[in-house]
1. When only residues in region B:28-51 that are open to solvent by less than 10 Å² (accessible area, probe 1.4 Å) and over 16 Å from residue B:143 (Cα atoms) count, which is nearest to the chain's Cα centre (by Cα)?
2. Could you tell me which of the residues A:161, A:165 is farther than 20 Å from residue A:226 by Cα, in contact with a His (Cβ under 6 Å, 6 or more places away or on another chain) and in the same structural domain as residue A:229 (by TED's automatic domain parsing)?
3. Pick from region A:52-76 the residues that are open to solvent by 10 Å² or more (accessible area, probe 1.4 Å) and either closer than 14 Å to residue B:336 by Cβ or in contact with a Ser or Thr (Cβ under 7 Å, 6 or more places away or on another chain) (or both): which of them is farthest from the other protein chains (Cβ to nearest Cβ)?
4. Restricting the first residue to region A:87-112 and requiring it to be under 17 Å from residue A:142 (Cα atoms), which pairs with a second residue that is open to solvent by 70 Å² or more (accessible area, probe 1.4 Å) and among the basic types (Lys, Arg) meet a Cβ separation below 7 Å and a spacing of at least six or different chains?
5. Looking only at region A:41-51, which residues are aliphatic (A, V, I, L, M) and more than 7 Å from every other protein chain (Cβ to nearest Cβ)?
6. Considering only residues that are without any contact (Cβ under 8 Å) to a residue 60 or more places away in the chain and buried (at least 24 other Cβ atoms within 10 Å of the Cβ), look in region B:266-280 and name the one that is farthest from the other protein chains (Cβ to nearest Cβ).
7. Find the residue count for region A:154-187, including only residues that are part of a loop (DSSP other than H, G, I, E, B) and touching a residue at least 12 places away in the same chain (Cβ under 8 Å).
8. Would region A:209-226 turn up any residue that is of a type in the set (Lys, Arg) and in a helix (DSSP H, G or I)?
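The values are calculated or read from the model by the stated rules, or taken from the named source; none is laboratory data. Remember, predicted model here, so these are calculated numbers, not experimental data. Cβ placement follows ideal geometry from the backbone for every residue including glycine, while neighbour counts extend to all protein chains displayed. Just so you know, the surface numbers come from the protein's heavy atoms only, side chains and all, with ligands and any DNA or RNA stripped out. Shrake-Rupley method; radii C 1.70, N 1.55, O 1.52, S 1.80 Å.
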Amino acid sequence: MTSVAIDAAGGSDKVREIVAGAARASLDAAGALEIQVVGDERRITEQLIRMRHNPERISVVHSAAENPVRDAVRLAAEGAAEALVLTGPSGPAVAACRDLLTLLPGVPKAALSAVYPTALRHGAKGDPFTLLLDVGAGLQADAEDLVTFAFLGATYARAISQNESPRVALLAVDDDLSIAPPAVAQAAARLARTRGITFVGLLEAVDIPKGVADVVVADGFSGNTVIKLLDGVRDLALDLAGYAQKQRLLWKIGVAMLSGVLSRVKDLTDWEQYGGAPLLGYPQVVLRAHPDSDGRAIHNACRVAVKAVAADVPRGFAELTSQASHGAQDARA
Amino acid sequence: MSPADSPAVPPAIGDPGAPSTPSPTPASEIRRVIRWDLDKTYLRTEFESFGKLLRTALQRADQKVSFPGAPMLMQELRAQGGRICIISGSPRQMRKVLEEKLRLDGVDWDEFILKPNLSNLMRGRFRAVRDQIGYKLPALLASRNALGRPLPELLFGDDAEADAFIYSLYGDLLAGRIGEKLLARILEAADLYEDQRRLISEQLAVLEPQDAVQRIFINLERRSPPARFAPYGARVVPVYNYFQASLVALADGVLPASSVLKIAVDMVTHAGYGPAALANSLQDLLRRGYAEVGALTGLADAVEQYGSLFDVFRPARDILEAFVRRLSAAAANRPVEPPRPEAIDYLELLADTRRV
């Protein structure tokens, strides 16, 4: 039985969507799942009784706090939940995890990741996205942090995308090591000789959507800037298509002819189907759902959480780091 | 007058059949009437397509599956003086296999009413084959009149058919809350045959009024949102499993805690229920305002008192103890109010029932 805690914060519409996602997840035939919805008990119940759901798999943990994220994280800290789906803004979510959860051995700081759609498919499942981390759990990262993020990202890609040998890259302004920041250069040097990691070198941001790497590692400031810029470009492209359709008949015809492609782009960039992005570095599975998540996205996040718990990401991380340290010892010998 | 309405044909309201139970409850020991529907209430039945309907019709007794806890709940209610009256929309031709299934489950009954579907077909009454109101309402009233005693009633149905509607209407008719004019409009809207309406009138004419229906349990087999049943008021309790029904019966003083324990053990040992599923079921009831923790404290005592009796059912005892530990945490902080409508709008609800 996998126990997933979800914080249900926000206005009525948002709580309704969160509860809808939990309700859908409770009806999933496959997998033993218990969902703990954390928030205002009455508001949650008022929504739940209007939805098809399986109450045998749902409990409500009352929280009087305006933002119940800390109460949800506390459940995981106390061992009452193995996975968290956090639905509010990332700042309080990251802070609550930092304050209440204990990092995995060998992990100096957690990394918030994001999934980004790519042209190339990844792993045995053909996942159409790259994992980018850190996108804002911290702002700075030294070489040690970046190497750890690489291990965390590779472990997650192995577990969730069933990608046995994920290609890992470091975000840089050029593929020339000599002009890379010292932390990036040092991390690149270490990753290049690390066993168990398929390091493909430095990667410019422009190459992320091409999908040449399965895991892209960056410090939190750069990662956050990149992901927000990519999101902005995606939104702009879709807005422009909508604008063009309204302006001239010829443009309208052109957009109509491209509608299949645009629809595919929309599908690929539809973050709701990916459910949530993991905050890596803790023994518990922590997924941060997009703040605009609807019921479908929350449902998918619950599915990913169950999968991640079953895949035992912490054990995978321990195995990968152990493999790497043995490799380092062999190299020294 | 259509051939279907011909008075020459005796009206068929259901077949009580011969008493087939091995041990009918002595009249002096009967304290209340328990009425159960079978398909989707007691038995997991699928008749959403012709193929499934056919498969269900051809199933042997040992292939039929009852809902977790349903046989044990029926037995415990009977042990507490419940007169078990089964009223099912299954055709009379299935009597043998259904009775055999109940015997396999160790369930005794006192009355067993089945629908005269073949007779309806032969007489060209195709509306009556599908309709439940025209069959169940007169059958319930006839069964009530045959009792000859003012006993309280608990009714069990499901969310797949019109059980909440029929049972509520039956309860309000018993209580004398439905006037003749309103009833005529309801039966008109329900499109009942003339003889069915006449039969209802005849039964009502000799009915001893009593507010007898205490609870109507609706098994949410389709996982329908419980709010769908709010217009029926708090008497109708939508339940997701029979542990929930037993908890409400405990809170109402109908069942002792030991019976609830037996039902829980049965669900743990035969259906794989764990402490989380039991505790969450309880919490769901508390949050919906159908029970209070105070009324359920006997449960923890019962686990302590009778727990050792269930040692042979390990891990049931461990699971029940884990459940009791979660009992206090399950207390609802702010339960929603159970629905309390001023009056049930049967005409509106009938339209809803037809839409579902």
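1. Step by step, filter region B:28-51, then rank; the result is B:41.
2. A:161
3. Among those residues, the one meeting the criterion is A:71.
4. Correct list of pairs: A:110/A:98.
5. Listed by number, the residues that qualify are A:44, A:48.
6. Ranking the candidates gives B:268 first.
7. 12
8. Within region A:209-226, one or more residues are of a type in the set (Lys, Arg) and in a helix (DSSP H, G or I).
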